[in-house]
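The structure appears below as structure tokens.
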Amino acid sequence: MEPSVTSTDLGADVAASAGAAMFIPAPATPYQGDIARYWDREARPVNLRLGDVDGLYHHHYGIGDIDRGALGDPGDSTYEKKLIAELHRLESAQAELLLDHLGPIERDDTLVDAGCGRGGSMVMAHQRFGCRVEGVTLSAKQADFANQRARELGIEDHVRARVCNMLGTPFETGRAAASWNNESTMYVDLEDLFAEHSRILAIGGRYVTITGCWNPRYGQPSKYVSQINAHFECNIHSRREYLRAMADNRLVPQAVIDLTAATLPYWELRATSALVTGIEEAFINSYKDGSFQYLLIAADRV
Ligand SMILES: C[S@@+](CC[C@H](N)C(=O)[O-])C[C@H]1O[C@@H](n2cnc3c(N)ncnc32)[C@H](O)[C@@H]1O
Ligand SMILES: CC(C)=CCC/C(C)=C/COP(=O)(O)OP(=O)(O)O
Ligand SMILES: [Mg+2]
């Protein structure tokens with residue numbers, strides 16, 4: 001596959017300073033082609049069955065305490081259905097926490113979801129703020145799915161997903177009120193990523209990410225982190241890299257919240273379900289041995 005034109009070929013500094021959008025065709029690399037194929041083919045029941053609960057389809061993990069009352073008795077015929085609903089509630093709670101950190105968003109603002117998946121967080125953002133939400137994904141199947149959901153909800157004029165590389169989006173310079181990565185930073189170089197967020201965000205705008213990252217206190221990525229990388233074909237960064245790359249790109253942390261303890265109940269419940277995918281123990285073990293952390297980082301574009 002011929003490498004597509006990259007931002008460096010087009011003189012990123014000149015174009016960016018002129019306020020032009022540096023549109024880098026997706027996929028820009030063979031790796032991105034692999035990731036596009038991964039998500040075009042993905043159809044795991046643990047994702048589709050949870051999204052079927054209320055039409056919000058997520059590809060991220062849950063946080064919060066288990067509502068044991070809502071689960072009922074494991075011996076009941078309805079238990080598995082209630083377990084699916086509870087896992088989904090925790091995944092939606094995770095998206096709500098991300099939205100809580102976007103700051104004051106007006107109806108005429110534009111938000112950007114970098115790595116938007118099937119669009120569940122985009123719908124929730126529009127339902128909360130009434131604003132426009134632009135999403136990008138490498139997967140044409142995900143973009144089509146998200147846009148179909150927006151049409152079904154009658155919000156297609158506010159919520160739009162497109163196939164586009166999050167490292168080179170067509171969005172105007174300095175116009176986004178806020179932007180986020182919800183479990184999508186582990187597929188890209190963080191310096192490149194935060195340079196693009198810094199370009200599209202208004203001065204004073206807000207960037208938020210929820211991510212898994214390896215813990216520099218542990219030393220290096222553990223075998224469990226390596227198992228997660230192999231399972232998703234991703235490249236988990238260390239906590240240190242996030243803060244360094246943000247500082248290099250005019251993103252100053254406003255909050256850093258360790259969600260590791262908050263996500264464990266979700267994983268321990270998920271590990272008991274019929275929807276297990278085999279990656280549950282790697283997450284549980286890495287969270288418990290301290291090698292892997294689940295963080296929310298909110299930063300101001302200064
Ligand atoms: C784990 S999913 C998260 C989806 C969504 N944020 C959510 O919370 O449901 C990761 C997403 O990142 C997207 N992605 C990975 N690398 C990308 C890139 N370079 N440009 C755009 N999207 C990318 C994938 O296509 C996928 O939609
Ligand atoms: C925290 C980390 C390292 C996440 C990696 C990115 C990822 C694949 C998230 C979940 O997607 P999914 O919801 O499709 O995965 P699953 O099939 O496990 O539910
Ligand atoms: Mg999932």
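Applying 1/(1 + (r/R0)^6) with R0 = 22 Å to the Cβ-Cβ distance of GLU96 and ARG175 gives a FRET efficiency near 0.30. Between the Cα long axis of helix 140-152 and the first principal axis of the chain there is an angle of about 80°, rounded to the nearest 10.
Summarising the amide proton neighbourhood of ARG118: residues at separation of 5 or more, or on other chains, whose placed amide H is nearer than 5 Å comprise HIS59.
In this calculation the C-beta distance from ASP157 to GLU281 is compared with R0 = 35 Å, giving a FRET efficiency of 0.20. Listed by Cβ neighbour count within 10 Å, with the fewest neighbours leading, TRP180, TRP267 appear as TRP267, TRP180.
For the stretch 67-136, the relative contact order works out to 26 percent when only alpha carbon pairs closer than 8 Å and six or more residues apart are counted. Rounded if a/c is under 1.5, else prolate if a/b beats b/c, else oblate: with a ≥ b ≥ c from the C-alpha gyration tensor eigenvalues square-rooted, which is the stretch 127-181? The shape class here is oblate. In a fully extended conformation the segment linking ASP248 and THR272 would gain 4.4 nm over its present Cα-Cα distance, using 0.36 nm per residue.
Helical content alone sets the calculated 222 nm signal of the chain at -12500 deg cm²/dmol, taking -39,500 (n - 2.57) per DSSP H segment of four or more residues and averaging over every residue.
Dipole magnitude for the chain: about 120 debye, using +1 per Lys or Arg Cβ and -1 per Asp or Glu Cβ, origin at the Cα centre. Sorting CYS234, CYS164, CYS116 by the number of Cβ atoms found within 10 Å of their own Cβ, with the fewest placed first, yields CYS234, CYS164, CYS116. Taking the C-alpha atoms only, the angle from helix 79-100 to the longest principal axis of the chain is near 30 degrees.
Angle, helix 260-270 long axis vs. longest principal axis of the chain, Cα atoms, 0 to 90°, nearest 10? Between the helix axis and the principal axis of the chain, the angle is about 50 degrees. Take every pair of alpha-carbon atoms less than 8 Å apart whose residues are at least six positions apart; their mean separation over the length of the stretch 109-256 yields a relative contact order of 21 percent. Rounded, prolate or oblate: which fits the chain, taking a ≥ b ≥ c as square roots of the Cα gyration tensor eigenvalues, rounded meaning a/c under 1.5, else prolate when a/b beats b/c? Prolate, since a/c reaches 1.5 and a/b exceeds b/c. If the cut-off is 15 Å between C-alpha atoms, which aspartates and glutamates fall inside it for LYS81, apart from same-chain ones fewer than 8 positions away? Reachable aspartates and glutamates: ASP52, ASP54, ASP67, ASP73.
Bear in mind that the values in this text are calculations on the coordinates, not laboratory data. From a predicted model like this one, the values you see are computed outputs, not experimental measurements. A quick note on method: Cβ atoms are made from the backbone with ideal geometry, for glycine too, and the neighbour counts reach across all protein chains shown.
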